[in-house]
Structure formats: C-alpha cells, structure tokens
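What follows is one structure encoded as structure tokens, with my remarks underneath.
Coordinate-derived values only; no laboratory data. Quick caveat: nothing in here was measured; it's all calculated off a predicted structure. Note that each Cβ is placed from the backbone with ideal geometry, even for glycine, and that neighbours are counted across all protein chains shown.
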Amino acid sequence: MKSVLKIALTGVLVCLVSFQINAQSSKYKCMLQMSNYMGEGAYIVVSLINPGGEYEKTLYVMGDDKKWYKSLKEWHKFYAKKTEDISARTGASVTGGDRSITTIEIENSKINKGYKLRFESVVEDQKYYVSDLEIPLTTEGLADKTEGKGYIRYVRLNKI
C-alpha cells in the first residue's frame, strides 16, 4: 500500500514540476515577411542573444540543409561549439517576397532583462547579414513590427 502511495505522489510531483516548467515560457507566433530580392531561398536563424551580446540559444532555423549552416558565419561559431540538436526547430528556407509563419518559445525570465532576438540571414552567392533584424525582448519590442535591413522586410510577433 505504501508503494502505491509513493508512486501516486511521485506522479503528482512530476506533473506539477512539468506544469511549472511550461508556465515559465511563452509561445509566440512569428510572422516573417521577406523583401522582394532575386535569388535562392534565404537561410535564416533566430537566436536568443544575452545582454553581453553573445549567443545563448538557437530558437529557430529556416533552412534544413546542414551543409549551408556554415554560411551563417557568426551563428555557426556558436552552433559548432554547442552541437545542440536543432532538428525540432528547423523548417524550409524562405525565398524573396514569401511569408513564413512559425512558432518560437521564449522564457519569460528573459523579457525586460536586456536580451534580444537576432535574425541572421544569408542567400547563396549574395550578401550575409549577421544582424538582418534584432528585436529587443521587452514588452514593447515584442508587440512592435520590426523592419529588417537585408532580406527580411519585417517581423511581427504575437503571443499565443
């Protein structure tokens, strides 16, 4: 009888911890509109950048052929050191004029603490943008439409 009670309490504890972990982050719908450029599909990586300006986490990669990841030079330095499995956070590359809608998860503890989202982009045989677009992780920054400097026309985030 005691073992059944222990198993039940352990199950309840696991559920509570799991719920608390999920409550500590929020999901955002990320709508990305590309500019009308000519050429191949762009590879874009969305990274969490800490207050010191360093890469902390890869949130999403648009482009699933790993042989092109080296083209995203600054992010690849971070990615090659960490060797994290990003397969669950990858999707198709995006071509000129296209729109992409994805979901990214952001830890609530990072908001209003000096963090930002960096959208890094590259197109084959064209210019590389280490910071095509950056969104400050502030309440206001997450609510605004942010204009890009390169292949990205703009990004808009909406909390789900």
Straight-line reach only, C-alpha to C-alpha below 17 angstrom: list the lysines that Lys73 could link to, leaving out same-chain residues fewer than 8 apart.
Lys57, Lys81, Lys82, Lys127
Fewest to most neighbouring Cβ within 10 Å: what's the order for Ile111, Ile160?
Ile160, Ile111
Taking the Cβ of Ser71 as the centre, find all other residues whose Cβ is under 15 Å away and add up their charges (Lys, Arg: +1; Asp, Glu: -1).
-2
Based on the alpha carbons, how large is the Rg to Rh ratio for region 26-159 when Rh follows Kirkwood?
0.93
Ordered by residue, what ³J(HN,Hα) values in Hz, to whole numbers, does region 32-40 give under the Karplus form 6.51 cos²θ - 1.76 cosθ + 1.60, where θ = phi - 60° and Gly and Pro are x?
10, 10, 7, 6, 8, 9, 9, x, 5
Positive minus negative residues near Glu107 (Lys, Arg vs Asp, Glu; Cβ under 14 Å)
+4
Can you pull the one-decimal nm distance between simple spin-label points at Asn50 and Thr138, each 7 Å off the Cα toward Cβ?
2.2 nm
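Over region 26-159, what is the mean sequence separation of C-alpha contacts under 8 Å (at least six apart), divided by residue count, expressed as relative contact order in percent? The partial results should precede the final answer.
On the way: 302 pairs, mean separation 48.8, N = 134.
In percent, rounded to a whole number, it is 36.
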Sort largest first and round to whole Å: the equivalent ellipsoid semi-axes of region 107-160, each the square root of five times a Cα gyration tensor eigenvalue.
24, 12, 8
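Kindly give the semi-axes, whole Å and largest first, of the ellipsoid equivalent to region 73-138, taking each as the square root of 5 times a Cα gyration tensor eigenvalue.
Details: eigenvalues 93, 53, 42 Å².
Here the semi-axes work out to 22, 16, 15 Å.
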Sequence-distant or interchain residues sharing an amide H contact under 5 Å with Ser25, placed H: which?
Asn108
